[in-house]
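Student: Input: one structure, supplied below.
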């Protein structure tokens, strides 16, 4: 049963990712991105990372894409791409993508990774384990991430502040 | 002769293992990669970058699950946080750029070219 679920969610994620890339309208791309994030959250649930699935939906699908949609509608992009890209760019992009995928595939083709279902029930499925690890071994990265969010907020405010026209120089 | 079952003939139909998740993460990464290279709208390029980031997080969670540790999950927690901060700052930059140039098409933002 979980095998079928994996295939369903993986197909959903990949199909909506392709539609993100191949869509003319930027708003449609953002909405398909939400679907892709929901597929990824389902894959996280299949991997027994329940907290991360919820965080993915809350932060990514709930805040990041909403921010994207705000900016897309604020910038009032008319129509989307002008479809001017040359065929050589498309061929080069597809070739690079195929090379990347071949590289990943070769790395994992004969590797001695276990193919069977993993051992141990719910190694990461309890929030207590997650919190214990977050607050003991990863305490420093957590505090630094707090600072990072503060700095990001200050940076966004500074970057989007509309400054007035500069005053005249001391020529008078 | 008893080993000629469908999962033996088609290895991809075996029980879902680590390789399947890595294949999905790899394909997602490649889709985002092609999107970054092909699209001209800066915002869609940025969304494809987020797709690549998501592929990496999926790979990290898959490895963490199949090794029986929690470190991958905690790292993904930090990746999601940092990606959200990065999106905020990047979109502020795009808005500032739009105010100057009045376009978000990458073809028209080429003043750094000779």
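Derivation of every value follows stated rules applied to the coordinates shown; laboratory data play no part. Remember, predicted model here, so these are calculated numbers, not experimental data. A quick note on method: Cβ atoms are made from the backbone with ideal geometry, for glycine too, and the neighbour counts reach across all protein chains shown.
Student: May I have the convex hull volume per residue, in Å³, for the Cα set of chain B? Walk me through the numbers before you get to the answer.
Tutor: Working: hull volume 14.4 nm³, N = 114.
Dividing the Cα hull volume of chain B by its residues yields 126 Å³.
Student: Inside 10 Å of the C-beta atoms of A:143-151, what's the mean count of C-beta atoms belonging to other chains?
Tutor: Details: counts 0, 2, 5, 1, 0, 5, 5, 1, 2.
For peptide A:143-151, the averaged partner shielding equals 2.
Student: Follow-up question, since we're still on this one. Which residue, B:47, B:27, B:70, has the most motion in a Gaussian network model of chain B that connects Cα atoms within less than 10 Å?
Tutor: Of B:47, B:27, B:70, the Gaussian network model singles out B:70 as fluctuating most.
Student: For Cα pairs less than 8 Å apart in space and 6+ apart in sequence, what is the mean separation divided by the residue count of chain B, i.e. the relative contact order in percent?
Tutor: Working: 80 pairs, mean separation 25.3, N = 114.
It rounds to 22 percent for chain B.
Student: With viscosity set to 1.002 mPa s at 20 °C, what whole-number translational diffusion coefficient in µm²/s follows for the range B:69-114 from Stokes-Einstein and a Kirkwood radius over Cα pairs? Numbers along the way, then the final one.
Tutor: Values: Rh = 13.0 Å.
Rounded, D is 165 µm²/s.
Student: Distance from the Cα centre of the range A:126-146 to that of the range B:36-75, in angstrom?
Tutor: Here the answer is 21 Å between Cα centres.
Student: Which of B:59, B:85, B:25 moves the most in a Gaussian network model of chain B with Cα springs under 10 Å?
Tutor: B:85
Student: To two decimal places, what compactness ratio does the range A:1-62 give when its Cα radius of gyration is scaled by 2.2 N^0.38 Å?
Tutor: 1.14
Student: Another question about this same structure. Within 10 Å of each Cβ in peptide B:50-62, how many partner chain Cβ atoms are there on average? Round it to a whole number, please. Working shown, then result.
Tutor: Details: counts 8, 9, 0, 1, 9, 4, 0, 6, 7, 1, 2, 11, 6.
For this peptide, the per-residue mean of nearby foreign Cβ atoms is 5.
Student: Something else now. Sorted by packing (mean other beta-carbon atoms within 10 Å per residue), highest first, where do A:44-56, A:21-33 land?
Tutor: On the way: A:44-56: 21.3, A:21-33: 19.5.
Averaged packing, sorted descending, gives the order A:44-56, A:21-33.
Student: For chain B, modelled as a GNM with alpha-carbon contacts under 10 angstrom, which of B:80, B:16, B:93 fluctuates the most?
Tutor: B:16
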